[in-house]
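A.B. asks: Attaching a single structure in structure tokens format; questions to follow.
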Amino acid sequence: STDKTQEILDFLGVQSYFQPIQGISVTRQLGLEKAKGKYILSADADSLYPAEWGINYVKEMKKPTVSVVYGRYSFIPSTSSRFALAIHEILAETIFKLRRNKKDCINVMGFNSAFIKAEAERIGGYSRVNMKWEDGMLAKKISEKFGEISLVDTPDSRPWTSDRRLM
């Protein structure tokens, strides 16, 4: 990071780890290896999460048949209009609903998902070979071996994220 994140973390006394290899897959893998909890909730710094987001995700993962959860999200406009982004979100959610349960893992985004740590470790974690769609690939592998992927679709679980994902 070149935005003084490390300086801020040091000032606050937050433990952090350095990943010398660039890329989101290897960075998330390091996080998986270093994490100590039962559940891994994946969030990004350029997103805003409701207070109940984590609580709702963990509650859903406590169901015996669920191993991975994900949710919907809304975009924070940078150059586009909020109205255009809202139209995009409605169309995308309609498409997601049509293909739901066929390829649910495609909808799992690393900035808005969670999974059971032990299950991810048992399948080897994130792919270090195919670095594209690593979050959906992880969800797919976990669900094939352990439990289903579940959509948490409540208003108090919907983060706002940068529209850079569209650009």
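The values are calculated or read from the model by the stated rules, or taken from the named source; none is laboratory data. All values reported here derive from a predicted model rather than from experimental measurement. Backbone-built Cβ (ideal geometry, glycine too); neighbour counts: all protein chains shown. Just the protein is used for accessible areas: all its heavy atoms, side chains included, with ligands, DNA and RNA removed. Shrake-Rupley method; radii C 1.70, N 1.55, O 1.52, S 1.80 Å.
A.B. asks: Taking 0.36 nm per residue of separation and subtracting the Cα-Cα distance, what length does fully extending Ile8 through Glu148 add?
C.D. replies: Length gained between Ile8 and Glu148: 46.6 nm.
A.B. asks: So how far apart, in nm, are the two label points at His88 and Glu121 if each is 7 Å from Cα heading toward Cβ?
C.D. replies: 3.8
A.B. asks: OK, next. Compare Thr154, Thr65 by solvent-accessible area with a 1.4 Å probe and give them largest first, with all protein chains kept in place. Don't jump to the answer; show the numbers that get you there.
C.D. replies: Working: Thr154 55, Thr65 80 Å².
Result of the area sort, largest leading: Thr65, Thr154.
A.B. asks: In terms of Cα to Cα distance under 20 Å, which aspartates and glutamates are near enough to Lys34, apart from those fewer than 8 places away along the same chain?
C.D. replies: Asp10, Asp44, Glu119, Glu121, Glu134, Asp135
A.B. asks: Count of lysine pairs in segment 46-167 with Cα atoms under 14 Å apart, counting only pairs 8 or more residues apart in sequence or on different chains?
C.D. replies: Here the count comes out as 7.
A.B. asks: Show Glu134, Glu144 ordered by accessible area, largest first, where the area counts protein heavy atoms only and the probe is 1.4 Å. Before the final figure, lay out the partial values.
C.D. replies: Details: Glu134 10, Glu144 125 Å².
These residues rank, largest area first, as Glu144, Glu134.
A.B. asks: May I pose another question? Counting other Cβ atoms within 10 Å, keep those with at most 16, restrict to DSSP loop, and tell me which trypsin sites (Lys or Arg not before Pro) in segment 1-34 are left.
C.D. replies: Values: sites: Lys4, Arg28, Lys34; in loops: Lys4.
When the trypsin sites (Lys or Arg not before Pro) of segment 1-34 are filtered for loop state and at most 16 Cβ neighbours within 10 Å, Lys4 remain.
A.B. asks: Identify the trypsin sites (Lys or Arg not before Pro) of segment 61-167 meeting these criteria: DSSP loop state and at most 14 other C-beta atoms within 10 Å of the C-beta.
C.D. replies: On the way: sites: Lys62, Arg72, Arg82, Lys97, Arg99, Arg100, Lys102, Lys103, Lys117, Arg122, Arg128, Lys132, Lys140, Lys141, Lys145, Arg164, Arg165; in loops: Lys62, Arg72, Arg100, Lys102, Lys103, Arg128, Lys132.
Here the trypsin sites (Lys or Arg not before Pro) that fit, given the DSSP loop and packing criteria, are Lys62, Arg100, Lys102, Lys103, Arg128, Lys132.
A.B. asks: Considering just Cα atoms, how many Å³ per residue does the convex hull of the chain enclose?
C.D. replies: That works out to 134 Å³ per residue.
A.B. asks: In whole Hz, what ³J(HN,Hα) sequence does segment 149-157 give by Karplus (6.51, -1.76, 1.60; θ = phi - 60°), x for Gly and Pro?
C.D. replies: Running phi through 6.51 cos²θ - 1.76 cosθ + 1.60 with θ = phi - 60° gives 9, 10, 7, 9, 10, 10, x, 7, 10 Hz.
A.B. asks: Now a separate question. Could you sort Asp10, Asp46 by accessible area so the largest value comes first, with the probe set to 1.4 Å?
C.D. replies: In descending accessible area the options line up as Asp10, Asp46.
A.B. asks: 5 Å is the cut-off here: which amide hydrogens, built 1.01 Å from N in the peptide plane, fall below it relative to Trp133, excluding neighbours closer than 5 in sequence?
C.D. replies: Close amide H contacts, sequence-distant or interchain: none at all.
A.B. asks: Using every alpha carbon pair in segment 98-167, what percent of pairs falls into each 10 Å bin from 0 up to the bin containing the largest distance?
C.D. replies: P(r) for segment 98-167, in whole percents per bin: 18, 48, 30, 4.
A.B. asks: For the chain, what is the calculated [θ] at 222 nm in deg cm²/dmol (nearest 500), taking -39500 (n - 2.57) for each run of four or more DSSP H residues and dividing by its residue count?
C.D. replies: -11500 deg cm²/dmol
A.B. asks: Please identify the chymotrypsin sites (Phe, Trp or Tyr not before Pro) of segment 1-78 that satisfy two criteria: DSSP loop assignment and at most 12 other Cβ atoms within 10 Å. Which are they?
C.D. replies: Those satisfying the criteria are Tyr17, Phe18.
A.B. asks: Counting Lys and Arg as +1 and Asp and Glu as -1, each charge on the Cβ, what is the dipole of the chain about the Cα centre in debye, to the nearest 20?
C.D. replies: Its charge dipole is roughly 580 debye.
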